[in-house]
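Encoded as structure tokens, the structure appears first; notes follow it.
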Amino acid sequence: RYRQEFALVTPIQAAVDADVSTAELGEFLGGMYAGIGVGEELERDVAALNSGRERARELIAGAGVGVASALEKQAFHIIREALADLPVTLLTNVKGGDYCYDLVIPEAKVAVEIDSYTYHAPGGSGSRRGNFIKDTWKRDDLTHLEWVLRTYTGDCVEQAPHLIAEDLRAVVLS
């Protein structure tokens, strides 16, 4: 890509070419590819790589790209660490059935929702009646697809990450 006379590179190309730690590159990619729907952009950027696709996939797997909030990012890292020795993939903001789920482990047919008090609890400043209804339909939708849905609150993520790790690991292994 070019803008005026300058050659531009995609964030994934910059990460593949960079000589910095994997942790730093993960943070960089997580910031550059954030939010719902970023997967298509990332896939286009990976497809455009002339070399380094394997390295790109390694970086993406550990980066938490596509998370929609800081809380989801924190949960991604907790869960990724808990499942690191298992042959599973942790994806972010994936559509399943009629809804989008925060985190998905497709091999185990497990979806994870991270619900903050602000947007999901009655009385939360960003909560609406529609949120409650949508959350209920989301749970039912996955049940019909024979998937497991685990929901963790923001307080769980911040105060009891070890319990999330234990719970999700047990669900994936069952």
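Can you pull out the residues in the range 76-103 that are under 22 Å from GLU27 (Cβ atoms) and open to solvent by 60 Å² or more (accessible area, probe 1.4 Å)?
Filtering the range 76-103 down to residues under 22 Å from GLU27 (Cβ atoms) leaves 76-84, 89-94, 102-103.
If the condition is that a residue be under 22 Å from GLU27 (Cβ atoms) and open to solvent by 60 Å² or more (accessible area, probe 1.4 Å), then ARG80, GLU81, ALA84, LEU91 are the ones that fit.
Sort through VAL104, VAL88, VAL94 and tell me the only one that's under 11 Å from the mean Cα position of the chain (by Cα) and either within 15 Å of TYR152 (Cα to Cα) or part of a loop (DSSP other than H, G, I, E, B) (or both).
VAL104
Scan the range 47-74 for residues that are open to solvent by 60 Å² or more (accessible area, probe 1.4 Å) and charged (D, E, K, R) and jot them down.
ARG53, GLU54, ARG55, ARG57, GLU58
Look at the range 140-174 and say how many of its residues are of a type in the set (Phe, Trp, Tyr) and either in a helix (DSSP H, G or I) or open to solvent by less than 40 Å² (accessible area, probe 1.4 Å) (or both). It would help to see each step written out before you state the result.
Here is the first cut: in the range 140-174, the residues of a type in the set (Phe, Trp, Tyr) are 147, 152.
The next check asks that each one be either in a helix (DSSP H, G or I) or open to solvent by less than 40 Å² (accessible area, probe 1.4 Å) (or both); those that pass are 152.
Qualifying residue count for the region: 1.
Write out, first by first residue and then by second, each pair whose Cβ atoms fall under 6 Å of each other, whose residues are 6+ apart or on separate chains, and whose first residue, in the range 31-45, is within 15 Å of TYR101 (Cα to Cα) while the second is of a type in the set (Gly, Ala, Ser).
Close Cβ pairs (under 6 Å, with a partner that is of a type in the set (Gly, Ala, Ser)) amount to GLY35/ALA68; ILE36/ALA68; VAL38/GLY66; GLY39/GLY66.
The values are calculated or read from the model by the stated rules, or taken from the named source; none is laboratory data. The structure displayed is predicted, hence computed values, not measured ones. With ideal geometry, Cβ positions are generated from the backbone for all residues, glycine too; neighbour counts draw on all protein chains shown. Accessible surface areas use protein heavy atoms only, side chains included; no ligands, DNA or RNA. Shrake-Rupley method; radii C 1.70, N 1.55, O 1.52, S 1.80 Å.
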